[in-house]
Amino acid sequence: MRIYENSGKKYLSVTSIIDMMYGFDNEGFTTWALSQNINPKWITEHSASLGTKYHAYFENRFYGISEWADVLEDGDEGYKKSVEDFYSKGWEIVESEKVVYCDEFRFAGRLDMVIKNKGLGIERALADVKTWGAWSGKNYKRSSSKLKKVSDQLSMYRYALGEDIPMYLIVPQKNGECIIEGIKPSKRWKKYIKENLEKILDMTN
C-alpha cells in the first residue's frame with residue numbers, strides 16, 4: 001500500500017485502491033509464467049524497468065531535453081519510433097507526473113499526463129501510459145479486464161483533478177506505432193470507496 005501526505009493529511013494511493021478492488025492472482029500468474037519457462041519475478045521486474053524507461057521517452061521530449069533518446073538501448077528503436085508516432089498524430093503533453101488529491105474520499109495519485117490535440121479540438125485530456133507486452137516485445141492486445149482497471153484509475157484522477165475532460169490510454173509498441181485509445185469514465189471506483197471508506201480512513205490515520 002502506498003500513502004501520500006499533503007498538508008498534514010494522509011491519502012491512500014489510487015493504485016492501492018485499484019489493487020484492493022481487483023486484487024492480483026499471483027498464484028495464477030506464477031503458474032502461467034512457469035509454464036512458459038519464464039521466471040515470474042523477472043517479468044515483474046523487467047516490466048517495471050521498461051515502464052520507467054518508456055515513460056522517460058515521453059517526459060524528456062516534453063521537457064525539451066535534447067538528448068531525450070539517450071535512454072535508448074538495443075532493441076528499443078521501435079519504442080522510440082512509437083513516441084515519435086504519438087507526436088506525429090498531433091498530440092502534445094501539457095502536464096506530466098502531476099500529483100492530485102481528493103479530500104472527499106481520501107485518495108491521491110500521480111497521473112501520467114495531461115495532453116491536447118488541436119487538430120482534434122481537444123484542449124485537455126487525461127492520459128495514462130501502459131507498456132503492456134513490452135517485456136515480451138509483443139504488440140498491444142486489447143483486454144477488457146485491463147481496460148476496466150484503466151477506466152477506474154483515470155476516472156479517479158479526473159475526479160481529483162476536478163475537470164470533466166476526456167481520458168485516453170497510450171500504449172507504445174515495438175513496431176513503432178503508438179496506440180491511443182479513448183477510455184470511458186467509470187463510477188465503479190466511487191461505489192467501492194463508499195462501501196469501504198471506513199477501511200480506507202483507518203489505513204490513512
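The values are calculated or read from the model by the stated rules, or taken from the named source; none is laboratory data. Just so it is clear, the model here is predicted, and its values are computed rather than measured. Methodologically, a virtual Cβ is constructed for each residue, glycine included, from the backbone with ideal geometry; neighbour enumeration extends over all protein chains shown.
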* Asked: Tell me, which residue of the range 152-173 that is in contact with a Lys or Arg (Cβ under 6 Å, 6 or more places away or on another chain) and not in a helix (DSSP H, G or I) is surrounded by the most Cβ atoms within 10 Å (Cβ to Cβ)?
  -> VAL171
* the range 174-205, residues that are in a strand (DSSP E or B) and surrounded by fewer than 16 Cβ atoms within 10 Å (Cβ to Cβ) -> GLU181, GLY182
* Is it true that TYR54 is modelled with pLDDT under 80 and not in a loop (DSSP other than H, G, I, E, B)? -> yes
* To do: Could you grab me the full set of residues in the range 87-121 that are among the hydrophobic types (A, V, I, L, M, F, W, C) and either surrounded by 17 or more Cβ atoms within 10 Å (Cβ to Cβ) or touching a residue at least 60 places away in the same chain (Cβ under 8 Å) (or both)?
  => TRP91, ILE93, VAL99, VAL100, CYS102, PHE105, PHE107, ALA108, LEU111, MET113, VAL114, ILE115
* Asked: Considering only the range 100-153, how many residues are touching a strand residue (DSSP E or B) at 6+ places or on another chain (Cβ under 8 Å) and of a type in the set (Phe, Trp, Tyr)?
  -> 4
* Structure fact -> Taking first residues from the range 186-205 that are modelled with pLDDT of 90 or more and second residues anywhere that are acidic (Asp, Glu), the pairs with Cβ under 6 Å that are 6 or more apart or on different chains are SER186/ASP152; ARG188/ASP152; TRP189/ASP152
